[in-house]
């Protein structure tokens, strides 16, 4: 399915950012300062690319069709699995933003710890989440949905991808990803 290929590609980009987040946290543990601007860029990427853009497509196009057409198994998988994890991820990002705001006001170790734990909680959750979606949810959808439903999902996704604002948004967030990757993935660590 075209839509699933796009979502798997987006997962790869999200996982690239998760590696950056890990490097940023390692840097703090190794004595580097908390770079507020870079963490704000990470939050922007997560909220607007990973969540609104990517999860938005899952929540608008794919998941509703799976729940409506595939019954209780899909309902449990989506409603009590994937959507719960989407919301949990949002709460970790909110906690990260709160920790950054607190650290900006008062640069104490407690707030630095909250930055690291919130960022890594999100990264660990999303790493496992994307793997489940790639290897279970998406394969189930491809196998179980009827061809006409898959075509409808693909058409909706294609229309969304082709919108000018979607193209601009995708470009903006992939540029942020590239910038942060270039900055943090070249840094050495004692790991």
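Here are some notes:
- Of note, residue 56 satisfies the criterion of being in a helix (DSSP H, G or I), under 14 Å from the mean Cα position of the chain (by Cα) and either at pLDDT below 95 or on the phi < 0 side of the Ramachandran plot (or both).
- Among the residues listed as 66, 120, 82, the single one being under 26 Å from residue 159 (Cβ atoms), touching a residue at least 24 places away in the same chain (Cβ under 8 Å), within 14 Å of the chain's Cα centre (by Cα) and surrounded by 13 or more Cβ atoms within 10 Å (Cβ to Cβ): 82
- Verdict on residue 183 being more than 18 Å from the chain's Cα centre (by Cα), part of a helix (DSSP H, G or I) and surrounded by 14 or more Cβ atoms within 10 Å (Cβ to Cβ): yes
- Residue in segment 27-49 that is free of Cβ contacts under 8 Å to residues at least 24 places away in the same chain, on the phi > 0 side of the Ramachandran plot and either surrounded by fewer than 19 Cβ atoms within 10 Å (Cβ to Cβ) or touching a helix residue (DSSP H, G or I) at 6+ places or on another chain (Cβ under 9 Å) (or both) present: yes
The values are calculated or read from the model by the stated rules, or taken from the named source; none is laboratory data. Since we're looking at a predicted model, the values are computed, not measured. Here Cβ is always computed from backbone atoms with ideal geometry, including for glycine, and neighbour counts include all displayed protein chains.
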